[in-house]
Every structure is written in C-alpha cells, then in structure tokens.
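Heads up: the structure comes next, in structure tokens.
The values are calculated or read from the model by the stated rules, or taken from the named source; none is laboratory data. Worth saying up front: this structure is predicted, and the values here are computed from it rather than measured. Here Cβ is always computed from backbone atoms with ideal geometry, including for glycine, and neighbour counts include all displayed protein chains.
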Amino acid sequence: MNLDQTVRVTKRFHFEMAHALHCHDGLCANIHGHSYVLDVTLEGTPRQENGHPKNGMVIDFSELKKLVNRAVISDYDHALVLQEQDRGQVQVASGQAGLFGRTRFTPWQPSCENVLLDIVARLREALPAPAMLAAVRLQETATSWAEWARP
C-alpha cells in the first residue's frame, strides 16, 4: 500500500463547568454554567508491529481517555472558573471543599476561546511522543464553539 499512512483519531469528552466573564457587557458577566463537549484529535501513523498489543493504532482510545481525564477533565469538571481579578468577590476557605471548593482562578478571561487554549497547552504537555495533537474543539452551547488546529 503506497498511500499516505497518516490518520487522525478523535475522542469526545463531556464536562460541566461554570464561569463568569470579568467586565463583560452582557449576561456572561454573571456566574453561569455550560455542558461542554470537548473533541480531541490526534494525528499519526498507526503502529505496524505484529504481535504488539497496540498494533494498528495511532493511540489506544482508552489511553487517550485516561490522559485527557487526568490533564483536563479532572480540573475543569464541576469547577467554577473566574479571572484572578474576581478573587475578592469569592470567599473560598483555604483547604475546605465548601460551596466554592472547586473555584479556579486564572490570569486570563475564562472565555471559551481561552479555556480552549489552556486545554491545548495541557494536552501538548501530557501527550506521549510520537502522538501529535492535530485539533481540539470545545463546544460551549449547542450552537457555539471554539476550535484550534495545528498549523
């Protein structure tokens, strides 16, 4: 077979997250939540090693699932993400898991676009070689999403 052997594989994830957009001029300035859909696409050449347990795969989907859950979902799922400037408006008791126990403060505006870019950075750091991150899509609502693709 003399065809290009490059394959893209995608796995879909779901998580719930709340956020508020600092100084936004609309309803998104208020704390609100979304049911996010995250698509992670890797690109590579399927392993061609007869007898290897991962023969024929770019990456085992179960391995990708563990990796994304560890690097992304475990931190974002059921979290409240706010920009650092809003820290004073939230009383989070240190080391306690009360009402605001899963509040995450970021130096950047927690828009869909910026959350996407943070996810891309986390995945790039977590992916084993030679797997290459090809695309990531973060869907915030049924009709709105942000996409990143490797140049």
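Points worth noting:
- Gln89 within 20 Å of Ala29 (Cβ to Cβ), out of contact with any Pro (no Cβ under 8 Å at 6 or more places or on another chain) and at pLDDT below 90: yes
- Some residue of segment 36-44 being surrounded by fewer than 15 Cβ atoms within 10 Å (Cβ to Cβ) and either under 23 Å from Ala149 (Cα atoms) or not basic (Lys, Arg) (or both): no
- Failed item, numbered, when Arg12 is tested on (1) under 18 Å from the mean Cα position of the chain (by Cα); (2) part of a helix (DSSP H, G or I); (3) surrounded by fewer than 17 Cβ atoms within 10 Å (Cβ to Cβ): (2)
- For segment 92-125, the candidate set comprises residues that are of a type in the set (A, V, I, L, M) and at pLDDT 95 or above; within that set, the residue that is nearest to His32 (Cα to Cα) is Val115.
- Residues in segment 38-58 that are under 28 Å from Tyr76 (Cα atoms), in a loop (DSSP other than H, G, I, E, B) and among the small types (Gly, Ala, Ser): there are none.
- Residues satisfying the stated conditions in segment 67-86, i.e. closer than 28 Å to Pro128 by Cα and not acidic (Asp, Glu): Leu67, Val68, Asn69, Arg70, Ala71, Val72, Ile73, Ser74, Tyr76, His78, Ala79, Val81
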